[in-house]
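*Asks:* Sharing a structure, written as structure tokens. Questions coming.
The values are calculated or read from the model by the stated rules, or taken from the named source; none is laboratory data. Small disclaimer: the values here were computed from a predicted structure and weren't measured. Glycine also receives a Cβ, built like all others from the backbone with ideal geometry; neighbour counts cover every protein chain displayed. Heavy atoms of the whole protein, side chains included, go into the accessibility calculation; ligands, DNA and RNA do not. Shrake-Rupley method; radii C 1.70, N 1.55, O 1.52, S 1.80 Å.
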Amino acid sequence: MATRREFVGALAAMGVMSAVGRAETESRLAGDPMRPQFHLLPAKNWMNDPNGPIYFNGHYHMFFQYNPLAAVWGDMSWNHAVSRDMLHWSHLPVALTPTVGSPDAFGVFSGSAIQVGKRVYAVYTGTRESTPELATIRDGENKIQESQCLAWSDDPLLVKWTKDAQPIVPLPPEGMKITGFRDPSAWKQGEWYYMTVGSGVARVGGCVLLYRSKDLKAWEYLHELTSGAWNGKVTANPCDDGEMWECPEFFALDGGHVLIYSTLGKVFWQSGVLDEATMKFAAKKTGLLDLDSFYAPKTQLDGKGRRILWGWIQERRPEAAMREAGWSGMMSLPRVLRLDADGTLRIETLPETAGLRAGRVSTEKVGAGTESVLKRANGEVVCSGNKGNSFGFTLSTDAGELLGVQYVGERHVFVADGKEIALEAGDVPRLHAFVDGSVIELIVSERIGYTKRFYYAGAIAPDVTASGEPGATLEAWTVAPISANRLTTPAVGV
């Protein structure tokens, strides 16, 4: 039998080994060239949906889905970061974690935040293992029950939270054969609080459920705010066939209303009119928010009253590669939304990102076109042209093309990822791209995003060449990192 001194010595040795292990992990993550340098992500492990972004007490708070134990999905919690400018971030302690024996014992899923006086409330989906009769996640196993839950914080930095022990909406509406029941989003309108919940009806299609309350605790179901159609295909996940709409966001914007929802692996927007007497939404125009690796977005109002969009940038590599890397996913750069008079949704990267520019990148004539080389997969590029004059734009490495977009002047459209993006008559053909380690975020003439992942071998990120065909003008800059070690903690500006 070990003596007390030997036992204490063994514990101390374990502590040293643990500290050494942490240092080795941090060093490996900090040296990973594919980790971004100016995007928000946790210091390690898995992240997905943005949750409850809010401007409060002079700070921007970002909560997001997080697995504290691994670089793959599981043990869902709300991680927390804070910023003064939406660009430089510092990590705070994990805000919400599953509580044993409670409605969120299986996981704290997505939701939103709302300020009421000096208090911030979070509405979120709690999940627990249950019976097939009560299960709301229809994935073949049918064992997870979703309910809408409430937590609140009176802490000026939103570090300390209190959970309501019981769900605020424990069950979906009676009589509906739902395909899911999650991702609440709440707002105040007149004397009522309203809340949307993502859902769907089996073999019918996705929908958004609408509730109202006077106090954020007792909720009354009203009706479906709006709904869509199933594509007729049978899949294991109803989000893959349009039977389920998740992460709905509904908000007023520039004299109209906008709905954002995620299904079929994409994010869709609708603009239209809300009848405030009936609280029914009539969509007039619709489109995609992004062409590729961008999902489950949330919005917020910033300190200037602008509507800011955040999205989860997913990985496009196998689970084994994520485990080996020790991290997965990142937050998009902030995007500003506005609505044209005709209902067209406009998207631009937050203009203040220009403050991250660290220096100009030279542009060289190559043949009939122009090129700029973004060293070590880092930089910002603007490619613009004149209406009616066709041109092409590519981003590539020595290994091949990463992304290509064509502007077809005679039809005033862009073609990207095999999809045609029609421009309005007054639109200037313009592409705005950011390259950061293993991600490209491109905005196409304020009409749509095109977020792309790319991977490579080796300890050094490749140079990325931005090429513009004749008729295109290129400008490029290097972008300063938001932290010294790719771990995005701590950051300046908080």
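*Asks:* What is the one condition in (1) touching a residue at least 60 places away in the same chain (Cβ under 8 Å); (2) open to solvent by 40 Å² or more (accessible area, probe 1.4 Å); (3) within 18 Å of the chain's Cα centre (by Cα) that Ala236 does not satisfy?
*Replies:* So the condition that Ala236 fails would be (3).
*Asks:* Within region 108-133, which residues are part of a loop (DSSP other than H, G, I, E, B) and either surrounded by fewer than 16 Cβ atoms within 10 Å (Cβ to Cβ) or touching a Gly at 6+ places or on another chain (Cβ under 7 Å) (or both)?
*Replies:* Correct list: Gly117, Lys118, Thr131, Pro132, Glu133.
Rundown of residues vs (1) β-branched (Val, Ile, Thr); (2) in contact with an Asp or Glu (Cβ under 6 Å, 6 or more places away or on another chain); (3) in a strand (DSSP E or B); (4) under 28 Å from His39 (Cα atoms), yes/no style:
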position	(1), (2), (3), (4)
Gly355	no, no, no, yes
Ser372	no, no, yes, yes
Val382	yes, yes, yes, yes
Ser396	no, no, yes, yes
Gln406	no, no, yes, yes
Arg411	no, no, no, no
Ala425	no, no, no, no
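*Asks:* Can you work out which of the residues in region 190-233 that are open to solvent by less than 70 Å² (accessible area, probe 1.4 Å) and of a type in the set (D, E, K, R) is nearest to Ile260 (Cα to Cα)?
*Replies:* Glu224
*Asks:* For region 403-419, how many residues are open to solvent by 30 Å² or more (accessible area, probe 1.4 Å) and either of a type in the set (D, E, K, R) or within 25 Å of the chain's Cα centre (by Cα) (or both)?
*Replies:* Residues meeting the conditions: 6.
*Asks:* How many residues are charged (D, E, K, R) and open to solvent by less than 20 Å² (accessible area, probe 1.4 Å) when one looks only at region 249-297?
*Replies:* 2
*Asks:* Would you be able to say whether some residue in region 316-325 is open to solvent by less than 50 Å² (accessible area, probe 1.4 Å) and in a strand (DSSP E or B)?
*Replies:* No, region 316-325 contains no residue that is open to solvent by less than 50 Å² (accessible area, probe 1.4 Å) and in a strand (DSSP E or B).
*Asks:* While we're here: Scan region 298-307 and give yes if some residue there is without any contact (Cβ under 8 Å) to a residue 12 or more places away in the chain and open to solvent by 40 Å² or more (accessible area, probe 1.4 Å), otherwise no.
*Replies:* Yes; the residues of region 298-307 include at least one that is without any contact (Cβ under 8 Å) to a residue 12 or more places away in the chain and open to solvent by 40 Å² or more (accessible area, probe 1.4 Å).
*Asks:* Okay, next question. Within the set of pairs 6 or more residues apart or between chains, which connect a residue that is under 17 Å from Gly52 (Cβ atoms) and open to solvent by 10 Å² or more (accessible area, probe 1.4 Å) inside region 141-170 to a residue that is outside any strand (DSSP E or B) and of a type in the set (Asp, Glu) with Cβ atoms less than 9 Å apart?
*Replies:* Trp152/Asp164; Lys160/Asp154; Trp161/Asp155; Thr162/Asp154; Lys163/Asp104
*Asks:* Here are the criteria: (1) in a loop (DSSP other than H, G, I, E, B); (2) in contact with a Ser or Thr (Cβ under 8 Å, 6 or more places away or on another chain); (3) farther than 30 Å from His91 by Cβ. Tell me which single one Tyr193 does not satisfy.
*Replies:* (1)
*Asks:* Report, by residue number, each residue of region 91-103 that is open to solvent by less than 40 Å² (accessible area, probe 1.4 Å) and closer than 23 Å to Tyr295 by Cα.
*Replies:* Scanning region 91-103 gives Ala95, Leu96.
*Asks:* Residues being of a type in the set (A, V, I, L, M), over 23 Å from the mean Cα position of the chain (by Cα) and closer than 15 Å to Thr136 by Cα: count how many of those fall in region 175-216.
*Replies:* Selection size over region 175-216: 4.
*Asks:* While we're here: Just to verify a result, which residue in region 472-485, among those that are in a loop (DSSP other than H, G, I, E, B) and within 28 Å of the chain's Cα centre (by Cα), is surrounded by the fewest Cβ atoms within 10 Å (Cβ to Cβ)?
*Replies:* Going through the qualifying residues, I end up with Ala484.
*Asks:* With the checklist (1) open to solvent by less than 20 Å² (accessible area, probe 1.4 Å); (2) over 19 Å from Pro429 (Cα atoms); (3) in a strand (DSSP E or B); (4) not hydrophobic (A, V, I, L, M, F, W, C) in hand, flag the one item Gly359 doesn't pass.
*Replies:* (1)
*Asks:* Can I ask one more? Quick check on region 53-83: of everything there that is more than 15 Å from the chain's Cα centre (by Cα) and polar (S, T, N, Q), which residue is most open to solvent (accessible area, probe 1.4 Å)?
*Replies:* Among those that are more than 15 Å from the chain's Cα centre (by Cα) and polar (S, T, N, Q), it is Asn57.
*Asks:* Give me the residue from region 420-471 that is of a type in the set (Asp, Glu) and open to solvent by 50 Å² or more (accessible area, probe 1.4 Å) and, out of that set, farthest from Asp340 (Cα to Cα).
*Replies:* Filtering region 420-471 for residues that are of a type in the set (Asp, Glu) and open to solvent by 50 Å² or more (accessible area, probe 1.4 Å), the one farthest from Asp340 (Cα to Cα) comes out as Asp463.
*Asks:* Restricting to region 414-423, name every residue that is part of a loop (DSSP other than H, G, I, E, B) and free of Cβ contacts under 8 Å to residues at least 24 places away in the same chain.
*Replies:* The one that is part of a loop (DSSP other than H, G, I, E, B) and free of Cβ contacts under 8 Å to residues at least 24 places away in the same chain: Gly418.
*Asks:* Here's something else I'd like to know. Cβ-Cβ under 6 Å, sequence separation 6+ or interchain: first residue in region 340-366 and closer than 21 Å to Arg376 by Cβ and without any contact (Cβ under 8 Å) to a residue 40 or more places away in the chain, partner surrounded by 11 or more Cβ atoms within 10 Å (Cβ to Cβ) and of a type outside the set (S, T, N, Q). Which pairs?
*Replies:* So the pair list comes out as Glu364/Glu371.
*Asks:* Quick check, is Thr136 hydroxyl-bearing (Ser, Thr, Tyr), outside any strand (DSSP E or B) and buried (at least 18 other Cβ atoms within 10 Å of the Cβ)? Show your work before the answer.
*Replies:* Details: hydroxyl-bearing (Ser, Thr, Tyr): yes; outside any strand (DSSP E or B): yes; buried (at least 18 other Cβ atoms within 10 Å of the Cβ): yes.
Considered against the rule, which asks whether it is hydroxyl-bearing (Ser, Thr, Tyr), outside any strand (DSSP E or B) and buried (at least 18 other Cβ atoms within 10 Å of the Cβ), Thr136 comes out as yes.
*Asks:* Among residues belonging to region 196-227 that are touching a residue at least 60 places away in the same chain (Cβ under 8 Å) and part of a loop (DSSP other than H, G, I, E, B), point out the one that is farthest from Cys247 (Cα to Cα).
*Replies:* Lys217
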